[in-house]
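Asks: Here it is, the structure in full.
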Amino acid sequence: MHSVPRASSFVSCAALSIVATLAGLVPLAHAQAPSHRFAVHAAHWIDVRAGVERGPVWVTVDRDTIEAIRSSAPEGLEVIELGDAVLLPGLIDCHTHLSGRVGRSPLESLKASAASEAIAGVNNVRQTLLAGFTTCRDVGGGELVDIALRDAIKAGDIPGPRMRVATWALSMTGGHGDDTNQLDYHWHNDMARGVVDGVDEVRKQVRFNIQQGADLIKILASGGVLSARDDPRHTGFSFEEMKTAVEEAARQERFVAAHAHGKEGIIMASNAGVRSIEHASYMDDEAARVLKKNGTWYVPTLYVIEPILAPGNPLKITEESLAKARVVKNHMRSAFHSALKAGVKIAFGTDAGVFRHGDQVHEFKIYVDEGMTPMQAIQSATISGADLIGWSGRIGTISPGAFADLIAVGADPLKDITELERVKWVMKGGVVYKGETGR
Ligand SMILES: [Zn+2]
């Protein structure tokens, strides 16, 4: 470590120093975990496992992993000094789409090359990491851009969060993932789109996605908002098709995430054994009780509707989709209330990719506005996200044995959850990506 920044420099210079470093694109492109041990000191930290704030803390790190949590300064170790900051585990977004350019119209997306989607992805993953998200579950992307991003980040070639990826989302013909809904009938189906019908095709697509490197399987169990000519309330896939996806994925130790807005699709997918329901816009008390009974996770994505319906239509959403969004908007928050009431497991997720990556930080305030405590909102994006992904103990917690994925904010997020919209410092795997990079 070359310098030990003082608390004041953390607050005042952090943003500037990272911009300069990233703009130069020099050392971060090949950032590696340090080979030595060091400590991170802050006045406060959020213990997400116990659900309390504590402090002061010295987190000792050995290469990319947290070694110990101490309440006094360790002897003989270099210290990254964060002063009066509040330290949290790196955040987890369980619903992103990191490949592709945000704000493309459906037709522009269809015409975009894999190369341009990948180039956009490099920026997306960097923005996501700098916003404080050190892990993402990416639930659907084309052309294996998600795999390439995941692997480039893992190799240290580009800065970005740890990624678990789904590759192509499985859609029935005419469903939420069938982008030929707006093209003429000469456009034919193939494996590199995920459009499948019947248990045999579902099984084959699951096997194909895993062969290509998928960490999880995404199915589109209802219509969607941003697709043409389908209805979010209508169920996609039969129960047998959903069950086949779950069984085939389980055979190869993968979970299934199910996009589902409509109540019937939510209940069917939960009963079919999917790990999580994404969106769940029309979930009522009855559907929430089914999720609770089955132990199914709920990934809310409440913020996304706001940029979709923003004045001036900056995301170039079609009139058809805007009309669907206006209807769904009225249901999403009541679904969240039903889940809270029933005690459904909730993991933070946002649909970033529909809107600008990094802006998913606004999801936190909505959770708190709609009834979560700030601690519960933080837990949804840390310890719960880790559970859903299957990486408990390794991410989403400041504990010995976990990756040294840490973020810091300047004031108490338990008093004002919007502090998480202003993450000052980001470390992933023992490497500082934002804030004072004094090592
Ligand atoms: Zn999505």
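Asks: Only one of Asp230, Asp157 is under 17 Å from His279 (Cα atoms), of a type in the set (Asp, Glu) and out of contact with any strand residue (DSSP E or B) (no Cβ under 8 Å at 6 or more places or on another chain). Can you tell me which?
Replies: Going through Asp230, Asp157 in turn, just one is under 17 Å from His279 (Cα atoms), of a type in the set (Asp, Glu) and out of contact with any strand residue (DSSP E or B) (no Cβ under 8 Å at 6 or more places or on another chain): Asp230.
Asks: So is Leu98 among the aliphatic types (A, V, I, L, M), outside any helix (DSSP H, G or I) and within 16 Å of the ligand (Cβ to nearest atom) or not?
Replies: Judged against the criteria, Leu98 is a match.
Asks: I want to confirm something. Restricting to region 139-191 and keeping residues that are under 17 Å from Tyr433 (Cα atoms) and more than 15 Å from the chain's Cα centre (by Cα), which single residue is surrounded by the fewest Cβ atoms within 10 Å (Cβ to Cβ)?
Replies: Ala155
Asks: Out of (1) within 27 Å of Glu319 (Cβ to Cβ); (2) away from the ligand (no atom under 16 Å from the Cβ); (3) among the polar types (S, T, N, Q), what's the single condition that is false for Ser227?
Replies: Status for Ser227: all satisfied but (2).
Asks: A follow-up question, please. Could you pull out the residue among Glu67, Glu108 that is more than 30 Å from Trp297 (Cβ to Cβ), in a helix (DSSP H, G or I) and more than 16 Å from the ligand (Cβ to nearest atom)?
Replies: Residue meeting the stated conditions: Glu108.
Asks: With the requirement that a residue be away from the ligand (no atom under 15 Å from the Cβ), under 25 Å from Arg275 (Cα atoms) and assigned to a helix (DSSP H, G or I), what does region 310-345 give you?
Replies: Lys329, His331, Arg333, Ser334, Ala335, Phe336, His337, Ser338, Ala339, Leu340, Lys341, Ala342
Asks: Is it fair to say Lys218 is touching a Lys or Arg at 6+ places or on another chain (Cβ under 9 Å) and modelled with pLDDT of 95 or more?
Replies: It is false that Lys218 is touching a Lys or Arg at 6+ places or on another chain (Cβ under 9 Å) and modelled with pLDDT of 95 or more.
Asks: For Ala166, work out the one condition from (1) in contact with a strand residue (DSSP E or B) (Cβ under 8 Å, 6 or more places away or on another chain); (2) more than 16 Å from the ligand (Cβ to nearest atom); (3) among the small types (Gly, Ala, Ser) it doesn't fulfil.
Replies: All conditions are met except number (2).
Asks: Kindly indicate whether Glu278 is within 24 Å of Asp197 (Cα to Cα), assigned to a helix (DSSP H, G or I) and modelled with pLDDT of 95 or more.
Replies: So Glu278 does not fit the description; no.
Asks: A further question on this structure: Find the helices (runs of 4 or more DSSP H) located wholly in region 346-439 whose residues include 2 or more that are within 16 Å of the ligand (Cβ to nearest atom), and list them.
Replies: 383-389
Asks: Can I ask one more? Is it true that Lys204 is farther than 30 Å from Arg326 by Cβ, in contact (Cβ under 8 Å) with a residue 24 or more places away in the chain, assigned to a helix (DSSP H, G or I) and among the basic types (Lys, Arg)?
Replies: no
The values are calculated or read from the model by the stated rules, or taken from the named source; none is laboratory data. These figures come from a predicted structure and were not determined experimentally. Here Cβ is always computed from backbone atoms with ideal geometry, including for glycine, and neighbour counts include all displayed protein chains.
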